[in-house]
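Enquirer: Handing you a structure now.
The values are calculated or read from the model by the stated rules, or taken from the named source; none is laboratory data. Since we're looking at a predicted model, the values are computed, not measured. Cβ coordinates were reconstructed from backbone atoms using ideal geometry, including for glycine residues, and neighbour counts include every protein chain displayed. These area figures cover heavy atoms from the full protein model, side chains too; ligands, DNA and RNA do not enter into them. Shrake-Rupley method; radii C 1.70, N 1.55, O 1.52, S 1.80 Å.
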Amino acid sequence: MPYVAAEDRYDRMRYNRCGRSGLLLPAVSLGLWHNFGGVDPLERSRAIVRRAFDLGVTHFDLANNYGPPYGSAEETFGRLMRADLRPYRDELIVSTKAGYDMWPGPYGEWGSRKYLLASLDQSLARLGLDYVDIFYSHRPDPDTPLEETMGALDSAVRSGKALYAGISSYSAEQTREAAAILGDLGTRLLIHQPSYSMLNRWIEPDLLDALGDLGVGCIVFSPLAQGMLTDKYLDGIPEGSRASRNDSLAPESITEEIVGRLRALNGIAAERGQSLAQMALAWTLRDARVTTTLVGASSVAQLEQNLATLERLDLSADEIDEIERALA
C-alpha cells in the first residue's frame, strides 16, 4: 500500500528555532549513522523512517560515509524518498556531510573544495535529490585553509545544491572564524553539530556561548554517549552491546566508576517517571541554545521510546543539581 503520512503528525512534536534563522527543527531529529546501511533490512529502515515522520520528526541527518558500506545510508534514504516521502519533500529537512574518509586517494577526505563539492554531487545522486537542506563540513581540516572549506560551503549554497551551510565538531574559535568567513561571502552559518551528553560536556565552556553570540543553531549528536546513557550498562557490559563488540564504544569506557554514576542517574530518572535515556535526552535540551538532539534507532519501539522524552522535557533546578552530584 502507498504510504500516507499521519494527519496529526505535527500535533505532538515541539519545534525550535535554529539560531537566528527562519528554520524550525524538531526537538528530536533522526540520525542515520547506524542501522540504515546496505547491511540492514530495508523494511526495518522504512518502518523507522515512516514512524518518525508520522510522529513529527521532519529532520533526517546523514553523511556521505554512513553505512556500512560507505554511501549506503544515503542510498537507503534515497529509496525511501522515492517510494514513500517524495510527496512530502517540502516538509522535510535532509542533511548530509563530507569530511571523513570516503574514497581512496588524496581527494577523498578532509576539507578541500575538490572533495567537498565532489562529495555533495555524489550524495545528491545517491539520495536522488536536487538539493539537500543542510550541507556540513563534517570536521575541521588542520591543513586546508578555512577560507577554502567555507568557500566550498558558500558555493554549495549559491549553486542551489544546499539551502544552508553547517559545520560539525569545530571549536569555539574555529566556529567564530568560520561564521565570519561565510558572512563575508554572503552566506550565514546556520548550524553546528557537536557531540554532547551528560558524559561529554566539552561544548559548555566556550562553544555554546559562541553559538549564542553568533545566532547559530546547535544539533547535538551522541546524546546517549553511544548507548552508555541507557539501561544497558547498569550491571556492566552485556553480550551483544556496542561495548562488547568494541563498536564505536570501547569496553574500557565502562568502568566501575561510570557504572556507579549511571545507576545514580537511573534512580533520578525513575523518580521522574522516565528511563535513563529519556532523561539524558531531555537534559541535552535544557539549554535554549541547543536546537535539537539527534537520536538513532534500531527499531520502531526504540524510536518511540526516545520520542516519548517530549512528554517530560522540564528539569527543575533541584533535579539538575541532583544530576550534577551524580556526575561529580
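Enquirer: Determine if the stretch 58-69 includes at least one residue that is more than 20 Å from residue 29 (Cα to Cα) and at pLDDT 95 or above.
Expert: Yes: one or more hits.
Enquirer: Additional query: Would you call residue 51 among the basic types (Lys, Arg), in a helix (DSSP H, G or I) and more than 17 Å from residue 30 (Cα to Cα)?
Expert: Numbers: among the basic types (Lys, Arg): yes; in a helix (DSSP H, G or I): yes; more than 17 Å from residue 30 (Cα to Cα): no.
No; evaluated as a whole, the condition is false for this residue.
Enquirer: Right, next: Which of (1) part of a loop (DSSP other than H, G, I, E, B); (2) among the aliphatic types (A, V, I, L, M); (3) surrounded by fewer than 19 Cβ atoms within 10 Å (Cβ to Cβ) does residue 57 not meet, given it meets every other one?
Expert: For residue 57, the failing item is (3).
Enquirer: When residue 33 is evaluated against the numbered criteria (1) out of contact with any Lys or Arg (no Cβ under 9 Å at 6 or more places or on another chain); (2) part of a strand (DSSP E or B), which criterion, by number, is the only one it fails?
Expert: Result: residue 33 fails condition (2) only.
Enquirer: Which count do you get for residues in the stretch 223-243 that are assigned to a loop (DSSP other than H, G, I, E, B), modelled with pLDDT of 85 or more and aliphatic (A, V, I, L, M)?
Expert: Narrowing the stretch 223-243 to residues assigned to a loop (DSSP other than H, G, I, E, B): 223-224, 228-230, 234-241.
The next check asks that each one be modelled with pLDDT of 85 or more; those that pass are 223-224, 228-230.
So of that shortlist, the ones also aliphatic (A, V, I, L, M) come out as 224, 228-229.
The qualifying residues number 3.
Enquirer: Of the conditions (1) open to solvent by 50 Å² or more (accessible area, probe 1.4 Å); (2) of a type outside the set (Asp, Glu); (3) assigned to a helix (DSSP H, G or I); (4) modelled with pLDDT under 95, residue 259 fails just one. Which one is it?
Expert: Of (1) open to solvent by 50 Å² or more (accessible area, probe 1.4 Å); (2) of a type outside the set (Asp, Glu); (3) assigned to a helix (DSSP H, G or I); (4) modelled with pLDDT under 95, only one is false for residue 259: (1).
Enquirer: Taking the stretch 166-176 only, how many residues are open to solvent by 70 Å² or more (accessible area, probe 1.4 Å) and under 17 Å from residue 217 (Cβ atoms)?
Expert: At the first step, the residues of the stretch 166-176 found to be open to solvent by 70 Å² or more (accessible area, probe 1.4 Å) are 173, 176.
Still in the running and under 17 Å from residue 217 (Cβ atoms): 176.
Residues that pass the stated criteria total 1.
Enquirer: Something else about it: Give the stretch 271-308 a look and list any residue that's in a loop (DSSP other than H, G, I, E, B) and in contact with a Gly (Cβ under 6 Å, 6 or more places away or on another chain), or say none.
Expert: At the first step, the residues of the stretch 271-308 found to be in a loop (DSSP other than H, G, I, E, B) are 273-275, 285-291, 296-299.
Correct list: 289, 291, 296.
Enquirer: Still on this structure, please answer the following. Counting only residues that are part of a loop (DSSP other than H, G, I, E, B), farther than 10 Å from residue 110 by Cβ and of a type outside the set (Lys, Arg), which one in the stretch 127-165 is most open to solvent (accessible area, probe 1.4 Å)? First the steps, then the outcome.
Expert: Filtering the stretch 127-165 down to residues part of a loop (DSSP other than H, G, I, E, B) leaves 128-131, 138-145, 159-161.
Subset that is farther than 10 Å from residue 110 by Cβ: 128-131, 145, 159-161.
Retained after the next criterion (residues that are of a type outside the set (Lys, Arg)): 128-131, 145, 159-160.
Working: 128: 32, 129: 14, 130: 135, 131: 54, 145: 72, 159: 69, 160: 37 Å².
The extreme case among them is 130.
Enquirer: Here's something else I'd like to know. Given 124, 120, 85, which one is closer than 17 Å to residue 163 by Cα, open to solvent by less than 10 Å² (accessible area, probe 1.4 Å) and assigned to a helix (DSSP H, G or I)?
Expert: The match here is 120.
Enquirer: Can you tell me which condition residue 115 does not meet? The list is (1) open to solvent by less than 10 Å² (accessible area, probe 1.4 Å); (2) in contact with a strand residue (DSSP E or B) (Cβ under 6 Å, 6 or more places away or on another chain), and all the others hold.
Expert: That leaves (2) as the condition not met.
Enquirer: Here are 191, 203, 268, 219: which of them is crowded, with 16+ Cβ neighbours inside 10 Å and either modelled with pLDDT under 90 or in a helix (DSSP H, G or I) (or both)?
Expert: 268
Enquirer: Please specify each residue of the stretch 289-324 satisfying the condition of being touching a residue at least 40 places away in the same chain (Cβ under 8 Å), over 20 Å from residue 56 (Cα atoms) and either in contact with a strand residue (DSSP E or B) (Cβ under 7 Å, 6 or more places away or on another chain) or open to solvent by 20 Å² or more (accessible area, probe 1.4 Å) (or both). Give the steps one after another, and end with the answer.
Expert: Here is the first cut: in the stretch 289-324, the ones touching a residue at least 40 places away in the same chain (Cβ under 8 Å) are 289-300, 303-304, 306-307, 309-310, 312-313, 319, 322-323.
Filter again for over 20 Å from residue 56 (Cα atoms), leaving 289, 319, 322-323.
Result: 289, 319, 322.
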